[in-house]
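Trainee: Once you've had a glance at the structure underneath, I'll fire off some questions.
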Amino acid sequence: MTVQLDARPPATPATGNPRQSSGRLSRFDTRFSPYLYIAPFFLIFGVFGAYPLAYTFWVSLHDWDLLGADHPFVGAENYTRLLADTDFWHALVNTLGIFVISTVPQLLAALWLANLLNRGLRARTGWRMAVLVPNVTSTAAVAIVFGVLFGREFGMINWLLDLVGLDAIEWKSNRLASWVAISAMVDWRWTGYNALILLAAMQAIPRDLYEAAAIDGASRVRQFWSVTVPLLKPTIIFCTIIATIGGLQLFTEPRMFHSGTNPIRGGPLRESQTLTMYMFENAFAPHYNFGYGSAVAWLLFALIAIVAAVNVLILRRLGGGARPNARKGTTR
Amino acid sequence: MSRLWRASPLTYLALVVAAGLSVFPIWWMFVVASRSNDAMGQLPPPVTPGGNLGANIARLFDNTDAYFLTGLINSAVVATTVTVSVVFFSSLAGFAFAKLRFRGRNAMLLVIIATMMVPTQLGVIPLYLLMTKLHWNDRLPAVIVPVLVTGFGVFMMRQYAGQAISDELIEAARMDGCGTARIWWHVVLPALRPAAAVLGLLTFMTTWNDFLWPYAVLNDPANPTVQLSLRALSDGYYQDMSQVFTGTAIATLPLLLVFVLFGRQIIGGIMEGAVKA
């Protein structure tokens with residue numbers, strides 16, 4: 001997509017003159033104006049990004065009550081208290097549980113969907129738009145809609161279960177069931193998005209690899225697992241990391257899924273309270289304990305880093321053996 | 001497309017199911033929004049629109065707890081301002097990173113990429129304290145100013161500028177006596193237009209959809225964004241579901257409209273971003 005040079009006749013370039021006349025100014029310009037252009041980012045990020053980041057850590061070392069007059073330094077006390085806090089561990093398990101239940105099927109479904117979309121289709125753009133449309137809706141709105149779909153009495157899901165002869169499920173008050181319902185929302189929103197990313201990578205795979213595999217007698221399924229999936233590994237890792245970062249930060253869906261009294265707890269017995277919700281519960285209403293909330297935020301950050309690293313390690317291991325060029329060591 | 005994988009009827013069937021699952025919750029949102037509250041108790045549930053949309057809208061805008069109209073206006077102001085600003089500043093910085101040489105360029109770009117990894121949660125509490133000091137709590141600058149330019153925007157523009165604009169073109173403009181500002185305006189910006197459109201669309205959608213930070217900082221129920229109006233609606237003591245769904249439908253409508261108009265560009269942007277990432 002390079003832009004064409006202008007179409008003026010080659011005689012025109014009047015090289016020396018205009019440059020010399022404004023030589024000083026232009027040297028100043030090329031030297032310093034780049035900093036001017038990137039300054040807004042660093043200004044905004046410095047004030048509203050970097051400073052808060054460091055400050056969160058500072059706050060987390062204090063007994064910082066919003067209403068309190070002074071904020072005594074308590075060192076690591078917030079962290080030690082947090083590690084002994086059963087509600088924190090409960091929220092951690094919820095977060096990881098919802099994350100696993102949602103991410104694994106989501107990526108598998110996306111892979112499958114991308115494979116479908118990678119065929120000679122009529123109305124290609126139409127299909128792509130159809131699978132992406134969940135991604136461009138309002139999260140809060142959709143969480144409300146799903147909250148009704150997963151309702152106990154008149155919810156459509158329980159009605160469908162009843163049609164096939166299954167018992168109704170208490171989606172909002174059963175811990176595991178609420179995880180599944182929230183995962184369903186997350187998957188509904190993100191499967192199509194991931195499918196498009198994987199599709200883009202699939203289209204970059206050279207066709208002759210498949211022809212060669214077909215000549216070697218590989219079936220369509222075998223081709224998919226032995227050619228497509230290994231070559232998609234970097235993209236799959238990318239999708240997994242994005243899903244990890246998003247999944248562990250989950251807030252809007254579980255928050256809106258539970259309405260009524262004290263929804264920030266994620267149900268009467270904290271059935272689906274995620275870490276972010278726990279942070280909000282402590283830092284804002286009802287507790288307003290900023291020090292404790294900040295400690296939760298930092299542990300959440302650590303968790304994201306750890307899970308992302310583990311993901312990368314697992315995926316490297318998994319894909320390594322199947323890679324067609326592995327023996328040549330092209331990627332080492 | 002090569003004849004290697006021509007789609008079979010089975011493929012189409014699977015895609016119809018996938019598309020159906022994708023679209024159904026949205027469709028159903030509009031169905032309930034256009035019916036009376038009886039629709040919620042009916043089994044089997046109705047799947048076609050009714051004639052109650054006007055009455056539901058009237059009830060929604062009369063609801064004094066939700067401040068829905070204020071929410072809509074606020075969201076429009078916030079999303080528009082942020083979009084224009086992000087596109088403007090990102091195209092400037094992206095141009096600088098892609099096409100200008102300066103000391104510390106690579107290190108600074110690395111910082112920008114690193115900022116994309118930091119979760120918002122980490123900043124919420126101190127940002128809240130900062131907003132209190134600035135007296136921006138409950139006011140729109142609190143949700144606008146921190147995202148006037150984003151690492152994602154800068155990075156995206158830099159990637160696009162790197163491949164869309166040839167160095168010769170910039171060199172030629174320089175020969176003609178253009179300063180960098182004029183080069184940006186006359187050469188770079190026109191070439192960046194497709195990427196700017198995609199960035200603008202994505203930014204608008206993200207900002208319109210944002211919930212976490214507005215939820216933290218806009219506590220005054222009389223001055224919400226539209227997403228916060230939805231929260232007020234759905235947390236209400238008495239659940240008037242067709243009114244709530246009318247709210248969700250209206251809050252989703254601008255996003256759907258953008259998607260219908262620019263879906264092709266959005267898809268292209270997502271897929272292109274993936275290959276380069």
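The values are calculated or read from the model by the stated rules, or taken from the named source; none is laboratory data. Quick caveat, the model's predicted, so the values are computed rather than measured. Don't worry about glycine lacking a Cβ; one is built from the backbone with ideal geometry, like all the others, and counts go over all protein chains shown. Calculation scope for accessible area: heavy atoms of the full protein, side chains included, ligands and nucleic acids excluded. Shrake-Rupley method; radii C 1.70, N 1.55, O 1.52, S 1.80 Å.
Trainee: Along the charge dipole of region A:179-259, pointing to its positive end and built from +1/-1 on Cβ of Lys, Arg, Asp and Glu, which listed residue (A:Ile215, A:Cys239, A:His258) has its Cα farthest out?
Mentor: Checked the options; the winner is A:His258.
Trainee: For region B:68-154, what is the Kirkwood hydrodynamic radius in Å, using each pair of distinct C-alpha atoms?
Mentor: So the Kirkwood estimate lands at 14.8 Å.
Trainee: To continue, here is another question. Please work out the FRET efficiency for the pair B:Asn37 and B:Val260, using the Cβ-Cβ distance as r and a Förster radius of 41 Å; give the result to the nearest 0.05. Mind showing how you got there, number by number?
Mentor: Details: r = 29 Å, r/R0 = 0.71.
Between B:Asn37 and B:Val260 the formula returns 0.90.
Trainee: Compute for chain B: radius of gyration divided by Kirkwood radius, i.e. Rg/Rh, restricted to C-alpha atoms, rounded to two decimals.
Mentor: Working: Rg = 23.0 Å, Rh = 21.9 Å.
Ratio of gyration radius to Kirkwood radius: 1.05.
Trainee: Measuring from centroid to centroid over Cα atoms, what is the spacing of region B:146-198 and region A:171-207 in Å?
Mentor: So the two Cα centres are separated by 35 Å.
Trainee: Ok, one more. Would you compute, for the Cα atoms of region B:189-239, the largest minus smallest coordinate along each principal axis and list the three values in descending order, in whole Å?
Mentor: Here the spans come out as 53, 22, 15 Å, largest first.
Trainee: Next up: A:Thr103: net charge of surrounding residues, Cβ under 15 Å, Lys/Arg +1, Asp/Glu -1, itself excluded?
Mentor: That works out to -1.
Trainee: What shape does region A:19-177 have by the C-alpha gyration tensor, where a ≥ b ≥ c are the square roots of the eigenvalues, rounded means a/c under 1.5, and otherwise prolate means a/b greater than b/c and oblate the rest?
Mentor: oblate
Trainee: At 7 Å along the Cα-to-beta-carbon direction for both A:Phe32 and B:Val77, put a label point, then send me their distance in nm to one decimal.
Mentor: Each label point is offset 7 Å from its Cα along the Cβ direction, giving 3.7 nm.
Trainee: If you wrap a convex hull around the alpha carbons of the protein assembly as shown, what volume per residue comes out, as a whole number of Å³?
Mentor: Value for the protein assembly as shown: 200 Å³ per residue.
Trainee: Working out 0.36 nm times the residue gap between A:Asp63 and A:Asp87, then minus their Cα-Cα distance, what length gain in nm do you get to one decimal?
Mentor: Extra length from A:Asp63 to A:Asp87 when fully extended: 6.7 nm.
Trainee: Rounded to whole Hz and in sequence order, give me ³J(HN,Hα) for region B:247-252 from the Karplus expression 6.51 cos²θ - 1.76 cosθ + 1.60, θ = phi - 60°, writing x for Gly and Pro.
Mentor: Once θ is set to phi - 60°, the couplings for region B:247-252 become x, 4, 5, 5, 5, 8 Hz.
Trainee: Which shape class applies to chain A: rounded if a/c is under 1.5, otherwise prolate when a/b exceeds b/c and oblate if not, where a ≥ b ≥ c are the square roots of the Cα gyration tensor eigenvalues?
Mentor: The shape class here is oblate.
Trainee: Next question. Would you calculate the separation in nanometres between label points at B:Arg6 and A:Arg152, each defined as 7 Å from the Cα along the Cα-to-beta-carbon direction?
Mentor: About 5.5 nm separates the two model spin labels.
Trainee: Roll a 1.4 angstrom probe over the protein heavy atoms and tell me the percent of accessible area of the protein assembly as shown that is carbon or sulfur.
Mentor: 65 percent
Trainee: Return the Cα extents of region A:205-259 along principal axes one, two and three, sorted largest first, each rounded to a whole Å.
Mentor: 58, 19, 13 Å, listed from the longest principal axis down.
Trainee: Just grab the label-to-label distance for B:Trp27 and A:Trp112, each label 7 Å out from Cα along the Cβ direction, in nm (one decimal).
Mentor: Simple spin-label model gives 2.1 nm for this pair.
Trainee: Taking amide hydrogens as modeled 1.01 Å from N in the peptide plane, which residues meet the under 5 Å criterion relative to B:Leu148, leaving out close sequence neighbours?
Mentor: none
Trainee: Binning every alpha carbon pair distance of region B:1-154 at 10 Å from zero, what are the percents per bin?
Mentor: 8, 18, 20, 22, 22, 8, 1
Trainee: Further, regarding this structure: What is the set of long-range amide H partners of A:His62 at a cut-off below 5 Å, with H atoms built 1.01 Å from backbone N?
Mentor: A:Val74
Trainee: Kindly state, to the nearest 0.05, the FRET efficiency for A:Arg124 paired with A:Glu170, given R0 = 45 Å and r defined as their beta-carbon distance.
Mentor: Details: r = 42 Å, r/R0 = 0.94.
After rounding, the FRET efficiency stands at 0.60.
Trainee: While we're on this one: Let me see the pair-distance distribution of region B:1-86: every alpha carbon pair, 10 Å bin width, integer percents in order.
Mentor: 14, 23, 26, 20, 14, 3, 0
Trainee: Between chains A and B, what is the buried accessible area in Å², counting both sides, with a 1.4 Å probe and ligands, DNA and RNA left out, to the nearest 100?
Mentor: In total, chains A and B hide about 9300 Å² from solvent.
Trainee: How many angstrom separate the Cα center of region A:278-309 from the Cα center of region B:51-73?
Mentor: 35 Å
Trainee: Determine the sum of side-chain charges near B:Leu228: Lys and Arg each +1, Asp and Glu each -1, restricted to other residues whose C-beta is under 15 angstrom from that of B:Leu228.
Mentor: Overall, the nearby charge balance is -2.
Trainee: Amide H of A:Gly120: which non-local residues (sequence gap of 5 or more, or other chain) have their own amide H closer than 5 Å, using H built in the peptide plane?
Mentor: Distant-sequence amide H within range of A:Gly120: B:Trp5, B:Arg6, B:Ala7.
Trainee: In region A:132-167, which residues become less accessible by 40 Å² or more once every protein chain is in place, relative to the chain on its own, using a 1.4 Å probe?
Mentor: Output list: A:Leu132, A:Val133, A:Val136, A:Thr137, A:Ser138, A:Ala141, A:Ile144, A:Val145, A:Val148, A:Phe154, A:Met156, A:Trp159.
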